[in-house]
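Only one structure is covered here, and it is reproduced in the block below.
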Amino acid sequence: MPPRRPTQRDIAERAGVSTATVSYVLSGRRGGAKPPPPETRERVLRAVAETGYQLDQAGRSLRRQRTDVVALMYPAPSSPWSDRLAEELQVAAADRGLAVVALPVITGASTAAILRILRQRYIDGAVLLHDCPLDGAELAALAAQGRSLVVFDDDLEPDGFDVVRQNRLRACRAAIERLITAGHRRIAFLSHADDHGDPLADVKLRSYTDGLAAHGIAQDPQLVRAVADSRPDAYAAVRDLLRLPDPPTALLSATDRAAIDGIWAARDLGVTVPDRLAVIGIGNIPEGLMISPPLTSVGAVALDFSDAVARLFERLDAEAALPGAELSAPWELITRASG
């Protein structure tokens, strides 16, 4: 006969507390009843380890209609921004006894498995960074089914879920306007690879093309290179661009990383930045401050997602469904010495 599995009553007796206290500690709840003092919590956890007690997560999830798991969906590859958001989510989730799963979305790849995680009851809530592959109607349906959702998007209307506005197009347009106002007419652009056949769907590329058109500047196709997601390709592309008979005098990149490699390529060819090549990136990653000259960039001013994270857990903790709300985390043009 297999040995009897320890119960919460066994833990309570060993720790000298009530079963209600054991349940409170193991559930990871916050709010409601007054939490036990830290020494009591440690005594309960020590008793759990000593008895070998295992929480039946599957049964518990069925009873509570909760999985105690939240997700972060972000466009791959990861960036310092998605890494920071994941970190803030994990800290907040750990305080509540919850787990965080990462759902990277690869452009052009099948996202069926990732969407299944959202559509089925594998998670209680999620933060979705920009360009997630769900439309407003599906997000509203997920919210109506009880999923807590905070979505970064400039166009969606909140509908049972919350929307974080970044105003990316306005900020990216400010970058191209800065270059044009400075007198540049030969402006190269390092774009993301386009797997959908509609380059104007990319807000960064649209800001570039619209900005040129607004000033009557003809777009030169050879100045646009889809290399922003590959550092070696970006470096090689900028070297190629600077060797043209009529090279660009300015460079706008859809990523800071490619812009930084563009500066390295220019330096290796003896092209000074910004005197002979002005460079602006998009993303405002910390690495942009480490290059010389420091990189002018478009993005959020600070690595801080505390408002979005707090809103997700406010939704999870609420006893009744909350209406959709708008949060503001605007991108800005951060001017430095490179352009």
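The values are calculated or read from the model by the stated rules, or taken from the named source; none is laboratory data. Quantities reported herein were computed from a predicted structural model and do not represent experimental measurements. For neighbour counting, all protein chains shown are included, and Cβ atoms are generated from backbone atoms with ideal geometry for every residue, glycine included. Ligands, DNA and RNA are excluded from the accessible area calculation, which covers all protein heavy atoms including side chains. Shrake-Rupley method; radii C 1.70, N 1.55, O 1.52, S 1.80 Å.
A few remarks follow.
- Here the dipole of region 231-278 is about 80 debye; that uses its Cα centre as origin and unit charges on the Cβ of Lys and Arg (positive) and Asp and Glu (negative).
- Protection proxy ranking, highest mean first, for peptides 71-81, 258-268, 236-246, 112-122: 258-268, 71-81, 236-246, 112-122, where packing is the per-residue count of other beta-carbon atoms within 10 Å, averaged.
- Paramagnetic reach from residue 287 (point 7 Å along Cα→Cβ, amide N under 17 Å) across region 175-193: 190-193
- Simple rule: put +1 on each Lys or Arg Cβ and -1 on each Asp or Glu Cβ in the chain, find the dipole, and look at 214, 129, 175; the Cα lying farthest toward the positive end is 129.
- Centre separation in Å (Cα based) which lies between region 145-165 and region 88-104: 19 Å
- Potential extension, residue 130-residue 13 segment - 0.36 nm per residue separation minus Cα distance: 37.1 nm
- Net charge of neighbours whose Cβ lies under 12 Å from the Cβ of residue 249, counting Lys and Arg as +1 and Asp and Glu as -1: +1
- Projecting the Cα positions of 255, 300, 192 onto the charge dipole of region 168-300 (unit charges on Cβ atoms of Lys, Arg, Asp and Glu, taken about the Cα centre) puts 300 furthest along the positive direction.
- Helix 203-214 vs. the chain, principal-axis angle (Cα, 0 to 90°, nearest 10): 30 degrees
- Computed packing ranks the peptides 154-161, 133-140 as 154-161, 133-140, most packed first, by mean other Cβ atoms within 10 Å.
- The chain - percent of accessible surface contributed by carbon and sulfur, probe 1.4 Å: 53 percent
- Remark on residue 279: its backbone amide H falls under 5 Å from those of 251, 339, a criterion applied only to residues 5 or more positions apart or on other chains, H modelled at 1.01 Å from N.
- Amide H to amide H, with H built 1.01 Å from N, residue 126 comes under 5 Å of 71, 148, 149, 150, counting only residues 5 or more places away or on other chains.
- Heavy-atom accessible area per residue - the chain, 1.4 Å, Å²: 50 Å²
- Sum of -39500 (n - 2.57) over DSSP H runs of 4+, divided by residues of the chain (222 nm, nearest 500): -12000 deg cm²/dmol
- The Cβ shell under 10 Å around residue 258 holds other residues with a net charge of -1, Lys and Arg each +1, Asp and Glu each -1.
- Total charge dipole magnitude, the chain, about the Cα centre, Cβ charges on Lys, Arg, Asp, Glu only, Debye to nearest 20: 1000 debye
- Summary of the geometry: region 302-334 and region 205-237, compared by the centres of their Cα atoms, lie 33 Å apart.
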